[in-house]
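The values are calculated or read from the model by the stated rules, or taken from the named source; none is laboratory data. Quick caveat: nothing in here was measured; it's all calculated off a predicted structure. Neighbour counts run over all protein chains shown; Cβ positions are idealised from the backbone, glycine included.
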Amino acid sequence: MKAIQLEKPQSLRRVDIPEPGSPGVGEALVRVHRVGICGTDYGGYLGKMPFFSYPRIPGHELGVEVVAVGSGVTNMKVGDRCSVEPYMNCQQCHACRQGHGNCCESLKVLGVMMDGGMTERLVLPARKLHPANKLTSEQCALVETLAIGCHAIHRAKPKAGENVLVIGAGPIGLSVIEFAKLSGAKTIVMDVNHQRLAFVRERMGVPDTLLTTGDSAELKQLGELTNGQLADVVVDATGSNKSMGHALNYCAFAGRLVYVGITQQEVTFPHAAVMHRRELTLLASRNALAPDFAHIIKLIEDRQIDTRPWITHRADFDSLIGEFPHWLKPETGVIKAMVSV
């Protein structure tokens, strides 16, 4: 069975792997139709993703079709299209018992700490499959990206009338924007890239954008957009330790700051003058939860989320290795690349 393996940083190769076999109790055999490429995949390719291990078959944003089900599976049937929740949790540790399987103490994510979906077929726990027959395979593969933003906004709990600043307009930032808008809050987006900000304005309907300049100009502009009170919620989706350390300065008094991006570097920020004085709340947001997937599938079905602007680049399985390095270049304008298997 064909697969693409990331042998080591910057080294993708095509390999043959054994068929996965029949599904066991509580499992399903699925055929992979679409694989979305995200920042985790790029970070793994560059050797910058802290949780990645090698060699690894990548692929965690998946649109699949159920081929067979094992005994005890009642939440789906053969032929169902599904989105995959790729977070394999133990169900036994403290986090899992508290309903936080997204940060299970022994969590393994498909395509990151264990082999993923850049192949033809695989066996998965049926509890990690979310039927979505009204969605296309590409839409199914987008659900996981959207779930990251959904969970981050759930952590922040913005209310209608509040100001939400999203820093970083890459795919994860865009997913945050979708749910910030749905909350009824005023959404403002900041990025270093003119092209990304134009996409946010023209394709996502967010008129208020700020270009990061490295000086105090964007702080002044944010004040003008918020009647001087700054942002009730700031979500940093950059993965830059410098941006993450500076993000507190954009928070209003009693505001909330959510780190959804990941960095391996230390994050430092002023405590007394900003964090303590404004009594800010600092939150991390990791992965997503099962209800997020069901919620997003329903939102797409009801056309409350328009997936059409998302997919900007496509490749088939045989051309992926040649195309992948080009998607890393900002000038290509990639928002979301999708691979057909």
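For (1) closer than 30 Å to Leu12 by Cα; (2) part of a loop (DSSP other than H, G, I, E, B); (3) touching a Ser or Thr at 6+ places or on another chain (Cβ under 6 Å); (4) of a type outside the set (Ser, Thr, Tyr), each residue gets a yes or a no:
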position	(1), (2), (3), (4)
Gly245	no, no, yes, yes
Ile262	yes, yes, no, yes
Val274	no, no, no, yes
Leu283	no, no, no, yes
Lys298	no, no, no, yes
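Which one of Glu279, Glu266, Glu323 is more than 20 Å from the chain's Cα centre (by Cα) and assigned to a helix (DSSP H, G or I)?
Details: Glu279 fails: assigned to a helix (DSSP H, G or I); Glu266 fails: assigned to a helix (DSSP H, G or I).
Selected residue: Glu323, the only one of Glu279, Glu266, Glu323 that is more than 20 Å from the chain's Cα centre (by Cα) and assigned to a helix (DSSP H, G or I).
Arg256 meets each of the listed conditions (1) under 21 Å from Arg196 (Cα atoms); (2) in a strand (DSSP E or B); (3) not aliphatic (A, V, I, L, M) apart from (1). Of all the numbered requirements in (1) closer than 22 Å to Glu144 by Cβ; (2) in a helix (DSSP H, G or I), Val189 misses one, and that requirement is (2). Just the residues that are surrounded by fewer than 16 Cβ atoms within 10 Å (Cβ to Cβ), farther than 23 Å from Glu120 by Cα and not acidic (Asp, Glu), please, taken from region 322-337. The answer is His326, Leu328, Lys329, Pro330, Thr332, Gly333.
When the residues of region 156-183 are filtered to those that are at positive phi and either at pLDDT 95 or above or in contact with a Ser or Thr (Cβ under 6 Å, 6 or more places away or on another chain) (or both), the one that is surrounded by the most Cβ atoms within 10 Å (Cβ to Cβ) is Gly168. Only one of the numbered conditions (1) surrounded by fewer than 16 Cβ atoms within 10 Å (Cβ to Cβ); (2) assigned by TED's automatic domain parsing to the domain that holds Gly47 is violated by Arg303, and that is (2). From the list Ser319, Ser285, Ser340, the one residue that fits, being without any contact (Cβ under 8 Å) to a residue 24 or more places away in the chain, among the small types (Gly, Ala, Ser) and either closer than 28 Å to Arg34 by Cα or surrounded by 20 or more Cβ atoms within 10 Å (Cβ to Cβ) (or both), is Ser319.
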